[in-house]
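Student: Let me begin by handing over the structure; questions about it come next.
The values are calculated or read from the model by the stated rules, or taken from the named source; none is laboratory data. Every value quoted in this text rests on a predicted model; they were computed, and no experiment measured them. Cβ atoms come from the backbone with ideal geometry, glycine included; neighbour counts cover every protein chain shown.
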Amino acid sequence: MVEQEVAESVITDEMREAIGKESSPATLEVDKTGCRMFARAVGHTDLIFFDEEYAKSKGHRGIVAPPGFFGTPAFKPGGGRGEGPPARGFSIPYKRVLNGGTEYEYLDSVCAGDTLTSTTKISGFTERKGSIGPMLITERETTYTNQAGDVVAKMLGTTIQY
């Protein structure tokens, strides 16, 4: 991405200091119902996402989590919500937010019954001037680790604020 000059930077020292710092871990439970609902919602029809016996007959441990589905956050009454990804709460003057893209890298399979832990960190901030004015581009990396401690996936996400 080519960086273009912006008149006045909205990237603060606080934001620069947040780059590379991991969030608190979040626990995600991958269950059969969640896999099926997500697969149905996005239009998957392969039975590996719906039928456990069929998925096992194809060499999987159970129902496969569809691409982009990493479970549901585990709820603990009275446990609080925990810390979210970094860069929440920064004072940014832009009111509009756009998803600038999401990429997934799968390193292992994710199946119903898995419990994942995710951590997120900011990889960087970029400012540029677009046709509609100044923009702040935030890049984040989320790492998903399974119950055995193996990294199963990484997600790179870009948010554009303008």
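Student: Among the residues of segment 147-162 satisfying the criterion of being exposed (fewer than 14 other Cβ atoms within 10 Å of the Cβ) and either among the small types (Gly, Ala, Ser) or modelled with pLDDT under 95 (or both), which is farthest from the chain's Cα centre (by Cα)?
Tutor: So the residue we want is 148.
Student: Before we move on, is residue 48 at pLDDT below 95 and surrounded by 13 or more Cβ atoms within 10 Å (Cβ to Cβ)?
Tutor: Working: at pLDDT below 95: no; surrounded by 13 or more Cβ atoms within 10 Å (Cβ to Cβ): yes.
It is false that residue 48 is at pLDDT below 95 and surrounded by 13 or more Cβ atoms within 10 Å (Cβ to Cβ).
Student: Just need a number here: residues in segment 91-146 that are in contact with a Pro (Cβ under 8 Å, 6 or more places away or on another chain) and surrounded by fewer than 19 Cβ atoms within 10 Å (Cβ to Cβ).
Tutor: Going residue by residue through segment 91-146, those that are in contact with a Pro (Cβ under 8 Å, 6 or more places away or on another chain) are 94, 104, 106, 117-122, 127-128, 140, 142.
Checking the rest, the ones that are also surrounded by fewer than 19 Cβ atoms within 10 Å (Cβ to Cβ) come to 94, 104, 106, 117, 119, 121, 127-128.
Total satisfying the criteria: 8.
Student: Mind checking which residues of segment 93-127 are more than 28 Å from residue 54 (Cβ to Cβ) and either of a type in the set (Phe, Trp, Tyr) or not in a strand (DSSP E or B) (or both)?
Tutor: 93, 94, 95, 96, 125
Student: Output the number of residues of segment 15-45 satisfying the condition of being under 24 Å from residue 138 (Cβ atoms), crowded, with 19+ Cβ neighbours inside 10 Å and not hydrophobic (A, V, I, L, M, F, W, C).
Tutor: Summing the residues that are under 24 Å from residue 138 (Cβ atoms), crowded, with 19+ Cβ neighbours inside 10 Å and not hydrophobic (A, V, I, L, M, F, W, C) in segment 15-45 gives 1.
Student: Within segment 31-71, how many residues turn out to be more than 23 Å from residue 155 (Cα to Cα) and touching a residue at least 60 places away in the same chain (Cβ under 8 Å)?
Tutor: 1
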